[in-house]
Amino acid sequence: QVQLVESGGGLVQAGGSLGLSCVASGRISSVFVYGWFRQAPGKEREFVGAISRSGVGTFYADSVKGRFTIASDNGKNTVYLQMNSLKPEDTAVYYCTAKMSPATLRSSVAGYWGQGTQVTVSS
């Protein structure tokens, strides 16, 4: 079992920045990659980006590439999502996830999930 707790959501104006954190605990040695997903009202959960457990490799959805940055601090078992140049369409509940296999990297179901944190971008 892996437990994930997100924090840092809130309300921000378009063009602004916001940072999210995700603290992992439990069997984190079994984690292959940490990811961030988001779900807007009435839409399916979508992949935002991911970082390998070592912190070396990062991957991003085209919609956030160049604006969002994922980083990790292994000493603190924490993964970060820095969001810049935010747009109203970035409004969603953001979820942190831990994947045990590369095959499930973009799965919106597989793996362990945090409770989510709301990000609202006003125009």
Quiz item: Could you say which residue among S85, S123, S63, S52 is modelled with pLDDT under 95, of a type in the set (S, T, Y) and open to solvent by less than 80 Å² (accessible area, probe 1.4 Å)?
Solution: S52
Self-check item: Breaking point among (1) closer than 20 Å to M83 by Cβ; (2) in contact (Cβ under 8 Å) with a residue 40 or more places away in the chain; (3) of a type outside the set (A, V, I, L, M, F, W, C), for S30
Solution: (1)
Self-check item: Of all residues making up the stretch 107-120, the number that are of a type outside the set (A, V, I, L, M, F, W, C) and loosely packed, with under 15 Cβ neighbours inside 10 Å
Solution: 2
Self-check item: Selection within the stretch 24-49 - within 20 Å of Q118 (Cβ to Cβ) and surrounded by fewer than 18 Cβ atoms within 10 Å (Cβ to Cβ)
Solution: Q39, A40, P41, G42, K43, E44, E46
Exercise. Enumerate the pairs (first residue in the stretch 72-100 and of a type in the set (G, A, S); second residue anywhere and surrounded by fewer than 17 Cβ atoms within 10 Å (Cβ to Cβ) and not in a strand (DSSP E or B)) with beta-carbon separation below 6 Å, excluding pairs fewer than 6 apart on the same chain, so at least 6 apart or on different chains.
Key: S72/G55; S85/R67; A92/A40
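The values are calculated or read from the model by the stated rules, or taken from the named source; none is laboratory data. Predicted model, so just to flag it, every value in this text is computed and none were measured. Reconstructed Cβ throughout: ideal geometry from the backbone, glycine too, with neighbour counts over all protein chains shown. Areas reflect the complete protein model, heavy atoms only, side chains present, ligands, DNA and RNA absent. Shrake-Rupley method; radii C 1.70, N 1.55, O 1.52, S 1.80 Å.
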